[in-house]
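Colleague: Before I ask anything, let me first share the structure, which is written out below as structure tokens.
The values are calculated or read from the model by the stated rules, or taken from the named source; none is laboratory data. All values derive from a computational prediction rather than experimental measurement. Counting neighbours? That spans all protein chains shown, and the Cβs are built from the backbone with ideal geometry, glycine included.
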Amino acid sequence: MKNLLIILPILLSGCSSTYYAKVGAGYKVSESDIKWNDGSATHPISARMEVGAENGPYSYGVTHRSQYFTGKPFNNNNEYQVTEIFVDYKFEF
């Protein structure tokens, strides 16, 4: 299933696309209240990964956000995470 999530955006984007991969970190400035018994969503540093393609103003891909300091290999706490398939349209000014 995970391989399909990576390949699907490439298939949708066509041959004239620019492909990319991103890996980074973010700092949560604001977040909805998420309550875990072990506090796993409380650390402000997040992990960010994205694989996708750009074709004109459109971007297609898979993005994953999770916590750097929660879960393996740091500890066994539950880890707050989200994985999304996306389609974006960029407006330029």
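Colleague: When residues of the stretch 80-93 are filtered for being touching a Ser or Thr at 6+ places or on another chain (Cβ under 6 Å), farther than 14 Å from Arg48 by Cα and not in a strand (DSSP E or B), how many remain?
Modeller: 0
Colleague: Within the stretch 41-53, restricting attention to residues that are of a type in the set (A, V, I, L, M, F, W, C) and surrounded by 14 or more Cβ atoms within 10 Å (Cβ to Cβ), which residue is farthest from the chain's Cα centre (by Cα)?
Modeller: Ala41
Colleague: Name the single residue that is farthest from Phe91 (Cα to Cα) among those in the stretch 34-67 being modelled with pLDDT of 80 or more and part of a loop (DSSP other than H, G, I, E, B).
Modeller: Gly56
Colleague: OK, next. Would you mention how many residues in the stretch 54-93 are among the small types (Gly, Ala, Ser), closer than 18 Å to Ala21 by Cα, surrounded by 12 or more Cβ atoms within 10 Å (Cβ to Cβ) and over 14 Å from the mean Cα position of the chain (by Cα)?
Modeller: Residues flagged as among the small types (Gly, Ala, Ser), closer than 18 Å to Ala21 by Cα, surrounded by 12 or more Cβ atoms within 10 Å (Cβ to Cβ) and over 14 Å from the mean Cα position of the chain (by Cα) within the stretch 54-93 amount to 0.
Colleague: Right, Glu31: at pLDDT 65 or above, of a type outside the set (Phe, Trp, Tyr) and not in a strand (DSSP E or B) or not?
Modeller: Criteria met by Glu31.
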